[in-house]
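Asks: The structure is given below, and queries will be raised subsequently.
The values are calculated or read from the model by the stated rules, or taken from the named source; none is laboratory data. Predicted model, so just to flag it, every value in this text is computed and none were measured. FYI the Cβ positions are ideal-geometry reconstructions off the backbone, even for glycines, and counts take in every protein chain you see. SASA here: full protein model, heavy atoms, side chains in, ligands and nucleic acids out. Shrake-Rupley method; radii C 1.70, N 1.55, O 1.52, S 1.80 Å.
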Amino acid sequence: MKPQAAQPSDEELDRLFRQLAQGGPEAEAAVTALYRHYRGPVLGHLHRGGLDQQAAEDVLHTVFIKLAQSSRQWRGDGSANAWFWAIVRNAKI
């Protein structure tokens, strides 16, 4: 059995979203870390919503495209986690 990696704190998630928004070399590492953190929860959410594996993977892909495109819109005055889940909700419509 593989040991579970420690989940990033809210502060760490906020830092990763800021890195993504700033672009540059840190943005790629940030998006990779965010993908690793959110992939399972997003797919689970989408499966519970009735999507099959392929449709859920398509929505996940769309979410990360929208995240990259709109990352500079997150102002940091609210929860990055809540902002991310709003992107997920909007992507599955």
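Asks: Determine ³J(HN,Hα), in whole Hz, for all residues of segment 45-57 in sequence, where each value follows from phi through the Karplus function 6.51 cos²θ - 1.76 cosθ + 1.60 and θ = phi - 60°; x replaces Gly and Pro.
Replies: 4, 5, 5, 4, x, x, 7, 7, 4, 5, 5, 5, 5
Asks: Using the Karplus curve 6.51 cos²θ - 1.76 cosθ + 1.60 with θ = phi - 60°, work out ³J(HN,Hα) for each residue of segment 70-76 in order, rounded to whole Hz, and write x for Gly and Pro.
Replies: After applying 6.51 cos²θ - 1.76 cosθ + 1.60, I find 10, 4, 6, 7, 6, 8, x Hz.
Asks: Using C-alpha positions alone, give me the convex hull volume of the chain per residue in cubic angstrom.
Replies: 108 Å³
Asks: Further, regarding this structure: Taking θ = phi - 60°, what integer Hz values does the Karplus form 6.51 cos²θ - 1.76 cosθ + 1.60 yield along segment 77-90, in sequence order, with x for Gly and Pro?
Replies: Coupling constants for segment 77-90: 8, x, 6, 5, 4, 5, 4, 4, 5, 5, 4, 4, 4, 5 Hz.
Asks: About the Cα centre of the chain, how large is the charge dipole given +1 on each Lys and Arg Cβ and -1 on each Asp and Glu Cβ? Please answer in debye to the nearest 20. Provide the component values of the computation, followed by the final result.
Replies: Working: 11 positive and 10 negative charges, 31 e Å.
It comes to approximately 160 debye.
Asks: Nearest 0.05, what FRET efficiency do Glu11 and Asp52 give at R0 = 30 Å with Cβ-Cβ as r?
Replies: Values: r = 36 Å, r/R0 = 1.18.
So the FRET efficiency works out to roughly 0.25.
Asks: A follow-up question, please. What's the carbon and sulfur percent of segment 23-75's accessible surface, probe 1.4 angstrom, rounded to a whole number?
Replies: Looking at segment 23-75 in its full context, I get 51 percent from C and S.
Asks: About its Cα centre, how strong a charge dipole does segment 18-66 have in debye, to the nearest 20, once Lys and Arg get +1 and Asp and Glu get -1 at the Cβ?
Replies: The calculated dipole for segment 18-66 is roughly 180 debye.
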